[in-house]
Amino acid sequence: MSPKIRAVVFVISAIATFVVLVDASLGLDHFGSFTGAYSSMLLSVATKERHVLNVPSAVNFDYRGFDTLGEEYIFFAAVLGVLLIFGALHGSSTEHAGPMETREMPRETSAVVWIVAGLLPFLAAMAMDIGAHGQLTPGGGFQGGAVFASAVACIYLGLGLPAMFRVVREHFVDVLESLGALSFVGIGVGTLIATGAFLKNALPLGKTGETVSGGTIYVLSCAVFLEIACGLALLLVTFLKQMRKQGEDQQ
Amino acid sequence: MSVLYAVLYLAAAFTGAAVVFQRRPINQLFVFSLFGTVLTLLFFALHAPDVALSELAVGTVLIPVIVLIAIMKTGRV
């Protein structure tokens, strides 16, 4: 297809899309108005029923907990796929202990090292804070886990590859990730046996506003935190290992 | 408030387009990270702090880092 024909096709389809888009936007509700019954109903009952202050967490881990289970396993399968493709778990973990230490890494400036080293504890603490207070404030297992993984990424950015491999022990982290994924189902099966309904909030709900409250919402959030943090850290390490392999090929 | 929305929507449209029009992957990455930051602010302004937190961690840090590693690996800087 010549560039000229391509341009003509683009202009025609762009105009058509624009017309449809404008037509659709004109039929929308007022900005900010929302008429869905489900959300307003949940907003009025969630705090009373589940002793949580952050209703999205109650939706994620309780009212629509089954959906979150699916999302968790999509993530789990994706991480597993990356590990399988890159064969990260086949090589022994001791393989990179020797040559890694001796290979000269490009030195970061000390400012970068100090900023990262100073920032790391705060990042990790903040991640756990976000993860642990999902039922009180915005956040929860996924958000906390993702922030925790960015702290792990900071280790690489500031302290280099060897430090990263020393912190993230693949086999150990892999077990932790699976444990997080497994406990989500475990809690579901446990509540199924105890109450007859999968993922029913069967644990004591606690006092509204306290850190440990919301029953299974809190526990499931912690499980998701473990899975997301470990899964993303594994992804990072697997990609970094690939980069190192190429460096060896070139030598 | 509506001024804030207008500014953020325009910024999102502008940075989103900038990601597409930036042809060098390594530059694209930084623009993408900026786009993620704008989206985070937009979500926050639209009363969705949960989504904003996810976008902040995933869109502005993790995706750029992973893509950065991929770019370094393929050598197409």
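The number of residues in the stretch B:62-77 being in a helix (DSSP H, G or I) and without any contact (Cβ under 8 Å) to a residue 12 or more places away in the chain comes to 8. Filtering the stretch B:30-48 down to residues that are within 14 Å of chain A (Cβ to nearest Cβ) and surrounded by 17 or more Cβ atoms within 10 Å (Cβ to Cβ), which residue is farthest from the chain's Cα centre (by Cα)? Filtering first and then ranking leaves B:F44. Scanning the stretch A:119-152 for residues that are within 11 Å of the chain's Cα centre (by Cα) and assigned to a helix (DSSP H, G or I) gives A:G131, A:G141, A:F142, A:Q143, A:G144, A:G145, A:A146, A:V147, A:F148, A:A149, A:S150.
Checking each residue in the stretch A:120-169 for being under 23 Å from B:S33 (Cβ atoms), in contact with a helix residue (DSSP H, G or I) (Cβ under 7 Å, 6 or more places away or on another chain) and among the aromatic types (F, W, Y) picks out A:F142, A:F148, A:Y156. Across the stretch A:21-56, the number of residues qualifying as within 17 Å of B:L46 (Cα to Cα), of a type in the set (G, A, S) and surrounded by 10 or more Cβ atoms within 10 Å (Cβ to Cβ) comes to 3.
Restricted to the stretch A:19-93, the set of helices (runs of 4 or more DSSP H) holding at least 1 residues that are among the small types (G, A, S) and in contact (Cβ under 8 Å) with a residue 60 or more places away in the chain comprises A:55-58, A:65-86.
Given the condition of a type in the set (G, A, S), more than 11 Å from every other protein chain (Cβ to nearest Cβ), in contact with a Leu (Cβ under 6 Å, 6 or more places away or on another chain) and not in a helix (DSSP H, G or I), answer yes or no: does some residue in the stretch A:157-175 qualify? No. Condition test on A:S178, is it surrounded by fewer than 19 Cβ atoms within 10 Å (Cβ to Cβ), touching a helix residue (DSSP H, G or I) at 6+ places or on another chain (Cβ under 7 Å) and part of a helix (DSSP H, G or I)? Against the criterion (surrounded by fewer than 19 Cβ atoms within 10 Å (Cβ to Cβ), touching a helix residue (DSSP H, G or I) at 6+ places or on another chain (Cβ under 7 Å) and part of a helix (DSSP H, G or I)), A:S178 does not qualify. If I ask for residues that are touching a Lys or Arg at 6+ places or on another chain (Cβ under 9 Å), surrounded by 14 or more Cβ atoms within 10 Å (Cβ to Cβ) and either among the hydrophobic types (A, V, I, L, M, F, W, C) or free of Cβ contacts under 8 Å to residues at least 12 places away in the same chain (or both), which ones from the stretch A:186-202 would you list? Once the filter is applied, which keeps residues that are touching a Lys or Arg at 6+ places or on another chain (Cβ under 9 Å), surrounded by 14 or more Cβ atoms within 10 Å (Cβ to Cβ) and either among the hydrophobic types (A, V, I, L, M, F, W, C) or free of Cβ contacts under 8 Å to residues at least 12 places away in the same chain (or both), the stretch A:186-202 yields only A:L192.
Across the stretch B:10-29, the number of residues qualifying as within 14 Å of another protein chain (Cβ to nearest Cβ) and surrounded by 14 or more Cβ atoms within 10 Å (Cβ to Cβ) comes to 1.
Throughout, read-outs are computed from the coordinates displayed, never taken from laboratory work. All of these numbers come straight from a predicted model, not from anything done at the bench. Neighbour counts run over all protein chains shown; Cβ positions are idealised from the backbone, glycine included.
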